[in-house]
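Accompanying notes for the structure given below.
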Amino acid sequence: MRRKIITIDEEKCNGCGACESGCPEGALRVIDGKARLVGELLCDGLGACLGTCPEGAITVEEREAEPYDELAVIRNIVPQGRNVILGHLQHLKDHGQSTYLKQAVSYLREHKIAIDMFPQIADHNSAGAARQCPGSKTLSFPAQRAIPEGEEMPSQLTHWPVQLHLINPAAPHYRNSDLLIAADCVAYAYADFHRTSLRGRTLAIACSKLDARQEVYADKIAALIDESCVKSIRVMIMQVPCCSGLLRHVVDGAGRARRRVPVSCVIVGIGGEILSETPIDIESTEAVG
């Protein structure tokens, strides 16, 4: 049958193995130094693994392939534990794969696997699913005052939420702001994050290795540029290879936007030091200067 399925560019693949953790279905393995699609029937073609590849070697194409087999996938996933099962169910729900979702939930019930969240995930129309999580409610905070010498600095965060999946690009605090998009680990590694990086900027955070559904990130970034008219975007990532995926999402989103705004990338070392800050040429997706 003809369907969407991933393909791997062997020239770009460096064999790092990051994609394996991004594919709980078990369709990817590193063999002879390259990532391989080891089971077409395990690949759903939804692209959860794309954002985990630091080299951009994985894409989705439409071609003749074995039919996807949800029962084979859920059997593969169950031994990986509750969190992986829930992540897979949420992945199916977010992509509107109701038939596969029902198959997976039926398998779990049949095998008496008690997962407290899966009934809510399975029911798209449940009242619980429609309620907004209190942690994702949009909030703005008062402007921070100047800090006298020797006094502890207060948080420079001006709004909530900040996770890229949860933010609303139309939220008023993003309007005409300078936007900081930071990898999750940056604020832990870089001690001066609030004073030198976050102060005076709005914030969104993400992890290009562990976040699911990263295919929506570029659209959100494009909306922040076109609808909220952000004035600039500064990306802060760690020096580890998997972090470069976040920069690719920003470059992709900025390239889709109708407006053009200045984009720069700051790389933070794992020891907490700033290694570089580079302007990004969105047209060529190459650093300049």
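Residue-level check: of (1) under 18 Å from the mean Cα position of the chain (by Cα); (2) outside any helix (DSSP H, G or I); (3) surrounded by 15 or more Cβ atoms within 10 Å (Cβ to Cβ), Thr59 misses just (3). Taken together, the residues in region 2-27 that are in a loop (DSSP other than H, G, I, E, B) and on the phi < 0 side of the Ramachandran plot amount to 12. Considering region 205-217, the residues that are crowded, with 23+ Cβ neighbours inside 10 Å and either in a helix (DSSP H, G or I) or of a type in the set (Phe, Trp, Tyr) (or both) include one that is farthest from the chain's Cα centre (by Cα), namely Tyr217.
Per-residue answers, yes or no, for (1) crowded, with 19+ Cβ neighbours inside 10 Å; (2) closer than 16 Å to Asn176 by Cβ; (3) over 16 Å from the mean Cα position of the chain (by Cα); (4) modelled with pLDDT of 95 or more:
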position: Asp219; (1), (2), (3), (4): no, no, no, no
position: Ile225; (1), (2), (3), (4): yes, yes, yes, yes
position: Lys231; (1), (2), (3), (4): no, yes, yes, yes
position: Val235; (1), (2), (3), (4): yes, no, no, yes
position: Ser244; (1), (2), (3), (4): yes, no, no, no
position: Pro262; (1), (2), (3), (4): no, yes, yes, yes
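Only one entry in Gly39, Gly22, Gly45 is touching a residue at least 60 places away in the same chain (Cβ under 8 Å), surrounded by 14 or more Cβ atoms within 10 Å (Cβ to Cβ) and outside the structural domain of Leu166 (by TED's automatic domain parsing), namely Gly22.
The values are calculated or read from the model by the stated rules, or taken from the named source; none is laboratory data. In this text the structure is predicted, and so the values were computed from the model without any measurement. Ideal geometry is used to build each Cβ from the backbone, glycine not excepted, and the neighbour counts take in all protein chains shown.
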